[in-house]
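Report on the following structure.
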Amino acid sequence: MNIADLVSSEPPEQRNIGIRYEDRLHLISDAKRIYLELGIACELHDLSISYAVPKHASRWYAGAFERLTGHPAFNEWDDAPATRRSA
């Protein structure tokens with residue numbers, strides 16, 4: 001049984017992490033490595049690779065993408081303004 005079948009609330013918000021490229025030279029080969037070595041079916045865009053993740057997983061995924069590709073990653077969770085819940 002999958003836990004999603006038992007939970008009645010909405011899944012956590014997700015934002016993109018990924019790698020941006022100046023040209024397409026390594027885009028496809030890096031995306032293939034991410035898929036084959038990490039098992040992540042990421043999204044390919046014109047000059048970027050991205051994957052939507054919840055906040056608490058974003059730094060791990062960004063770090064994994066960086067280590068695997070050798071390119072700095074972007075993390076939309078870090079780029080977004082901080083929001084606070086009032087108690």
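Tell me which GluC sites (Glu not before Pro) from the chain have a DSSP coil assignment and no more than 14 other beta carbons within 10 Å of their own.
Passing both the DSSP loop test and the Cβ count: Glu13, Glu22.
Near the amide H of Ile40, under 5 Å away, which other amide H atoms are found, from residues 5 or more places off or on another chain, if H is placed in the peptide plane?
Under 5 Å from the amide H of Ile40: Tyr35.
Can you give the longest run of the chain that contains no trypsin sites (Lys or Arg not before Pro) sitting in a DSSP loop with at most 14 other Cβ atoms inside 10 Å?
Details: sites that count: Arg24, Arg84, Arg85.
Longest stretch, sites excluded: 25-83.
Sort Ile28, Ile49 by accessible area with a 1.4 Å probe, largest first.
Ile28, Ile49
Could you tell me the accessible area of Asp79 in Å² (1.4 Å probe, neighbours in place), rounded to the nearest ten?
110 Å²
With all protein chains present, how much of the accessible area of the range 1-51 (probe radius 1.4 Å) comes from carbon and sulfur, to the nearest whole percent?
Here it works out to 51 percent.
Given a 1.4 angstrom probe, what's the average accessible area per residue across the chain, in square angstrom?
Heavy-atom accessible area per residue stands at 77 Å².
From the protein chains alone at 1.4 Å, what is the descending order of accessible area for Phe65, Phe74, largest first?
Of Phe65, Phe74, the descending order of accessible area is Phe74, Phe65.
The values are calculated or read from the model by the stated rules, or taken from the named source; none is laboratory data. Given the structure is predicted, the values throughout are model-derived calculations rather than measurements. In this analysis, Cβ positions are derived from the backbone assuming ideal geometry, glycine residues included, and neighbour counts consider all displayed protein chains. Areas reflect the complete protein model, heavy atoms only, side chains present, ligands, DNA and RNA absent. Shrake-Rupley method; radii C 1.70, N 1.55, O 1.52, S 1.80 Å.
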